[in-house]
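For reference, the structure discussed in these notes is given below.
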Amino acid sequence: YDAIRLEELPLSFLTCDCAAEGNSFCIIFRPQLSRISEGDQLEVELLGLRGSSQRHHFFHEFRSCGELAWQDHEFFEEVQNFCKMFSDIDVFKGTLPALPKTLSRSFSLADNSLPDLRPISHLSKDFKTDDMELSMYFYCAGAAAFEADLYLQRSDGKIKVDRSTLVFNLDDHFLVRVKLPCSVSKYELAFRLSTTQRPRKLVEHPLKYSIRSLESRSFPLTTVEDPPSQKYQRYGFCPVPPTAQLLGMTILAPMEYGLLPGSLYFLVHIQPACLPVEVPPEPVGEMRPTQLFERLRCDHEEAEERALEMQVIKQKDPLFSAERGDASTRMDEMLRRRSFQNTQRMMLHRPSVAAMDPTVNVMRRLHHGLELHLAERTQDLPQMMHLDLVVRESRSNQQRFALRLQRKLDHPEFYEGVLHLADHDPGAKIELYYRITEETYRAPLKVGEWRVGRLNEALDD
């Protein structure tokens, strides 16, 4: 189309990044504009270039949030969907008076007392429904973590329905989403909670619901008994442990356990009070060296010292021993030892314990070789808290790859990421892990799980 030039804009900032890292010769500029409106268009003209063409033109058009990139669109859509779940409840409109926290929190587990769990949406403890999904709201001051379990009642007992509930903790208010798998069935909904005095100890609450599903609508499953059907393997919500509530974590997307191949968007919210205090490093104008290989060297040196004290080895690895002269002398001795070992293996036609040198630290030499090639290409992430998505094979359960959720710069309490899975990935398991880099003594905590289905299979019908 034709563009009409209106006026030339002055620049308030202009520089050219000629560093070797990243995209070299990147021109960075800022037009002197008081504001940018929907539909504004800019023409950028570059002059004085070397090569076949000395002049270049670029056109830029600004659009509102409705036409942002797909990932930003998914972010706003998931946040809106989450807000819609609370739009029809009076407690979030300010009509329900809250209990005084000074009185409601004055309890202890020593005398077997529990905080008062007040239903907001479903006041009757025994009801019938033809809905496959229920949203139940509760108020409980003093509860640190909250868990709901759904049981299918039979004549010979009751069966727990896995992944049938999902709990959202909103500071003394709780939303419990419930999936009813079968029609014409009777269910029992039970609750367990922990208090602020003992946040990691869940205690069963006496409040229970009796729910009957009608046959006016078709429900997704016919049975949940052993052996479970293929649909039951992909049925329900994403399982989230109650520990995630203590971390201030809420998984906003995806909430369903069964996923379809394609572009999968993941969104996690962390309460601002639970975010670790991180001080961003000051820019120094150059890439900061990684601390990975330095930590590995310290670990290897400590291991060698312990091995010498316990007389497991008589001397250190000659490649890293300072008493063996300069680096070239140590390298020559290492090559001589390697040649001797290869000769012994050829004579014995198989690897022999007698032919192996016990002073050679194989892992340290491996890390040393990696450092020579990767030290200048490796950077340390400054974040303390990490949320990692791990994709595993369906049969072997082996890890295929991992993806780290990135923190949104404009909304720092949100972490997001996108997984692209192909049609040949059905059955793959996706797991979400939470870890703090400074807490090396703790293993990563699993806080979410999903399973990928097939495109031609309906997950919930």
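The values are calculated or read from the model by the stated rules, or taken from the named source; none is laboratory data. As the structure is a computational prediction, the values presented were derived from the model and not from experiment. With ideal geometry, Cβ positions are generated from the backbone for all residues, glycine too; neighbour counts draw on all protein chains shown. Note: accessible area is taken over every heavy atom of the protein model, side chains too, but ligands, DNA and RNA are not part of it. Shrake-Rupley method; radii C 1.70, N 1.55, O 1.52, S 1.80 Å.
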Consider Q233 against the criteria (1) in contact with a Lys or Arg (Cβ under 9 Å, 6 or more places away or on another chain); (2) closer than 25 Å to R118 by Cβ; (3) polar (S, T, N, Q): it satisfies all of them except one. Which criterion is unmet? (2)
Tell me yes or no: at least one residue of the range 297-318 is part of a loop (DSSP other than H, G, I, E, B), modelled with pLDDT of 80 or more, of a type in the set (A, V, I, L, M) and within 24 Å of F76 (Cβ to Cβ). no
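Would you mind finding the one in L264, L207 that is under 20 Å from V418 (Cα atoms), open to solvent by less than 50 Å² (accessible area, probe 1.4 Å), part of a strand (DSSP E or B) and modelled with pLDDT of 80 or more? Can you show your working first?
Values: L207 fails: under 20 Å from V418 (Cα atoms).
Being under 20 Å from V418 (Cα atoms), open to solvent by less than 50 Å² (accessible area, probe 1.4 Å), part of a strand (DSSP E or B) and modelled with pLDDT of 80 or more holds for just one of L264, L207, which is L264.
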Could you list, ordered by first residue, the pairs with Cβ atoms under 6 Å in which the first is in the range 226-248 and in a loop (DSSP other than H, G, I, E, B) and the second is modelled with pLDDT of 85 or more and polar (S, T, N, Q), at least 6 apart or interchain? G236/S164; G248/Q271
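In the range 120-130, which residue that is surrounded by 15 or more Cβ atoms within 10 Å (Cβ to Cβ) and either within 18 Å of L180 (Cβ to Cβ) or in contact (Cβ under 8 Å) with a residue 60 or more places away in the chain (or both) is farthest from the chain's Cα centre (by Cα)? If you could, list the steps in order and put the result at the bottom.
Going through the range 120-130, the residues surrounded by 15 or more Cβ atoms within 10 Å (Cβ to Cβ) turn out to be 120-122, 129.
Narrowing further to those that are either within 18 Å of L180 (Cβ to Cβ) or in contact (Cβ under 8 Å) with a residue 60 or more places away in the chain (or both): 121-122, 129.
Details: S121: 32, H122: 33, T129: 35 Å.
Across the range 120-130, the extreme among qualifying residues is T129.
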Please verify whether the range 211-218 includes one or more residues that are within 25 Å of the chain's Cα centre (by Cα) and either crowded, with 17+ Cβ neighbours inside 10 Å or of a type in the set (A, V, I, L, M, F, W, C) (or both). no
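Just checking, which of H424, H411 is part of a loop (DSSP other than H, G, I, E, B), closer than 19 Å to C274 by Cβ and open to solvent by 20 Å² or more (accessible area, probe 1.4 Å)? Talk me through it step by step, then tell me what you get.
Details: H424 fails: closer than 19 Å to C274 by Cβ.
When all the criteria are applied, what remains is H411.
Quick check, is M363 hydrophobic (A, V, I, L, M, F, W, C), in contact with a Ser or Thr (Cβ under 6 Å, 6 or more places away or on another chain) and in contact (Cβ under 8 Å) with a residue 60 or more places away in the chain?
On the way: hydrophobic (A, V, I, L, M, F, W, C): yes; in contact with a Ser or Thr (Cβ under 6 Å, 6 or more places away or on another chain): no; in contact (Cβ under 8 Å) with a residue 60 or more places away in the chain: yes.
Against the criterion (hydrophobic (A, V, I, L, M, F, W, C), in contact with a Ser or Thr (Cβ under 6 Å, 6 or more places away or on another chain) and in contact (Cβ under 8 Å) with a residue 60 or more places away in the chain), M363 does not qualify.
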Kindly indicate the residue of the range 165-204 that is farther than 24 Å from M85 by Cβ and β-branched (V, I, T) and also modelled with the highest pLDDT among those meeting that condition. V203
Reported set for the range 124-170 where residues are within 23 Å of T195 (Cα to Cα), aliphatic (A, V, I, L, M) and outside any strand (DSSP E or B) is A141, L170
Note down all Cβ pairs under 7 Å where the first residue falls in the range 436-460 and is modelled with pLDDT under 75, the second is acidic (D, E) and open to solvent by 70 Å² or more (accessible area, probe 1.4 Å), and they're at least six residues apart or on different chains. L455/D423
Out of everything in the range 37-57 that is of a type in the set (A, V, I, L, M) and open to solvent by less than 90 Å² (accessible area, probe 1.4 Å), what residue ends up being nearest to E376 (Cα to Cα)? L49
E416: open to solvent by less than 70 Å² (accessible area, probe 1.4 Å), part of a strand (DSSP E or B), modelled with pLDDT of 80 or more and of a type in the set (D, E), yes or no? yes
Return the residue satisfying two criteria in turn: it lies in the range 185-204 and is touching a Lys or Arg at 6+ places or on another chain (Cβ under 8 Å) and not in a strand (DSSP E or B), and of such residues it is surrounded by the fewest Cβ atoms within 10 Å (Cβ to Cβ). T196
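Please find, among D90, D116, the residue that is modelled with pLDDT under 60 and acidic (D, E).
On the way: D116 fails: modelled with pLDDT under 60.
Result: D90 is the single residue among D90, D116 that is modelled with pLDDT under 60 and acidic (D, E).
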Pairs, please: C-beta under 7 Å, at least 6 apart or cross-chain, first residue charged (D, E, K, R) and in the range 24-36, second modelled with pLDDT under 75 and assigned to a strand (DSSP E or B)? none
Among the residues in the range 283-291, are any open to solvent by 70 Å² or more (accessible area, probe 1.4 Å), at pLDDT 80 or above and either under 21 Å from Y137 (Cα atoms) or basic (K, R) (or both)? no
